[in-house]
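Below: one structure, written as structure tokens.
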Amino acid sequence: LRRCRAAVMTAFGSPLEIVDFPLPEVIQPGAALVKVEMAGVCGTDVHLWKGQLPIQLPVILGHETVGRLVSVGEGLQLDWDGQPLAVGDRVTRNSSRSCGVCHYCRRRLPTRCLERKAYGISYPADAPPYLSGGFAEYIHLQPGTAIFRLPDGLETEQVIGSGCALVTAIHGIERVGIDWGDSVLIQGAGPVGIAALAVALSAGASRVGVIGGPARRLEMARRFGAEMTIDLDAIPDPAVRRDVATEWSGGYGADVVIECTGSPPAVAEGWPLCRDGGRYLVLGHYADAGETPLNPHLITRKELTVYGSWGSEPRHTSAGLKFLRRAAAQFPFQEMVSDRFDLSRANEALRAMESWSARKSVVIPE
Ligand SMILES: [Zn+2]
Ligand SMILES: [Zn+2]
């Protein structure tokens, strides 16, 4: 019997434990087994680790992976885009599976599918096939998973460096809508903020500013085309930040403001940054980081529209992979991968994201 190792979260806030699992003996029709080459650590992993979503433990974290197909179940011949799949192919996947038949799937809202399951989040690791998260040597993909074969020209670092942040941003910006010439202000310079910056510019924004920190992350924002950055460390007073941002946007506020921080008070800070009639997108709150006082008067007086966006659909992953290839020169997502850890150091990978010391940390099982 072949076995492999995985980093398992057995209790919230406690160190991940390296556990030995059996590899599935039989791969069911439509399923696949992937040898993980690289798994990204997402901000959501940090929130999950802190217990900010009610998930069942134990769980193998990691919902962003690139790996090689080592076993393919009967009938699984094509990837989501219709490309042929074979053992040895380098693949990634959308992080979630939807049922296709529930109330929300039938109303074209598969991200809110009642049976939705996300790898690295909602598959407990104490029942077969066990291996449903990325911080492991192998990951098992259920039938119906949106698998994507990666072309040779697309580096693993590009895919993991953009991670679920890119597809999250594509989905969110599709919802909020960006018109040609819009000014866009992004709150947060982590992976979601950087991805939102790239997608906003590609969607036609004429100017994008970023409020965030630390300096290392803001440097990357400028590299990705941010016209203006506001460093939280340099300007700790939100009122002063608002003055700077408002002046930047011509005295009116930005056409679109995108929250990518995961910090509740950022939403209160963000509404006044919109121009009257502007749009506000809450993108950074996949986990429940708690409540914050908000003034609804602003929505009325400014005629604001506030959008939410949850996760992503396979079509966003498909679009994201094509975007990564086409826009590689302008948006060097591979440079987001800043800190690499082997499986036994998965805890340190989490800590590096928690402390914002990494642009993005990754786990490389071997
Ligand atoms: Zn994520
Ligand atoms: Zn459904």
I'd like to check something: does the range 277-291 contain any residue that is over 17 Å from ALA205 (Cβ atoms) and within 16 Å of ligand 2 (Cβ to nearest atom)? no
If I filter the range 252-293 down to residues being aromatic (Phe, Trp, Tyr) and more than 16 Å from ligand 1 (Cβ to nearest atom), which single residue comes out as surrounded by the most Cβ atoms within 10 Å (Cβ to Cβ)? TYR280
At negative phi, at pLDDT 95 or above and under 16 Å from the mean Cα position of the chain (by Cα), is that true of VAL59? no
For the structure I just gave you, tell me whether ARG242 is within 21 Å of SER355 (Cβ to Cβ), open to solvent by 50 Å² or more (accessible area, probe 1.4 Å) and in a helix (DSSP H, G or I). no
If VAL72 meets every condition in (1) crowded, with 16+ Cβ neighbours inside 10 Å; (2) more than 28 Å from GLY153 (Cα to Cα); (3) away from ligand 1 (no atom under 16 Å from the Cβ); (4) in contact (Cβ under 8 Å) with a residue 12 or more places away in the chain apart from one, which number is that one? (2)
Filter the range 160-177 down to residues that are more than 12 Å from ligand 1 (Cβ to nearest atom) and open to solvent by 20 Å² or more (accessible area, probe 1.4 Å), then give me how many there are. 4
Are any of the residues in the range 230-243 closer than 23 Å to GLU64 by Cα and among the acidic types (Asp, Glu)? no
Restricted to the range 36-67 and to residues being of a type in the set (A, V, I, L, M) and within 28 Å of VAL87 (Cα to Cα), the residue farthest from ligand 2 (Cβ to nearest atom) is MET38
Please state which of the following conditions GLY100 fails to meet, knowing it meets all the rest: (1) at pLDDT below 95; (2) touching an Asp or Glu at 6+ places or on another chain (Cβ under 6 Å). (2)
Pull up the range 201-218, narrow it to residues that are modelled with pLDDT under 95, under 20 Å from the mean Cα position of the chain (by Cα) and assigned to a helix (DSSP H, G or I), then point me to the one that is surrounded by the most Cβ atoms within 10 Å (Cβ to Cβ). ARG217
Hey, among PRO143, PRO236, PRO151, which residue is under 25 Å from ALA7 (Cα atoms), part of a loop (DSSP other than H, G, I, E, B) and open to solvent by 10 Å² or more (accessible area, probe 1.4 Å)? PRO143
Can you tell me which residues in the range 91-110 are more than 18 Å from ALA31 (Cβ to Cβ) and crowded, with 16+ Cβ neighbours inside 10 Å? CYS102, TYR104, CYS105, PRO110
Cross-chain or 6+ apart pairs with Cβ under 7 Å, the range 10-28 first and of a type in the set (Asp, Glu), then open to solvent by 50 Å² or more (accessible area, probe 1.4 Å) and modelled with pLDDT of 95 or more: GLU17/THR10; ASP20/ARG5
Against the definition (in contact with a Ser or Thr (Cβ under 9 Å, 6 or more places away or on another chain), surrounded by fewer than 24 Cβ atoms within 10 Å (Cβ to Cβ) and not in a helix (DSSP H, G or I)), how does GLY181 come out, yes or no? yes
Being over 14 Å from PHE135 (Cα atoms) and in contact with a strand residue (DSSP E or B) (Cβ under 8 Å, 6 or more places away or on another chain) is the filter; apply it to the range 49-67 and report the residue that is surrounded by the most Cβ atoms within 10 Å (Cβ to Cβ). LEU57
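The values are calculated or read from the model by the stated rules, or taken from the named source; none is laboratory data. Just so it is clear, the model here is predicted, and its values are computed rather than measured. Cβ sites come from the backbone with ideal geometry, for glycine too, and all protein chains shown count toward neighbours. The protein model used for the area step is the full one, side chains on, heavy atoms only, and it has no ligands, DNA or RNA in it. Shrake-Rupley method; radii C 1.70, N 1.55, O 1.52, S 1.80 Å.
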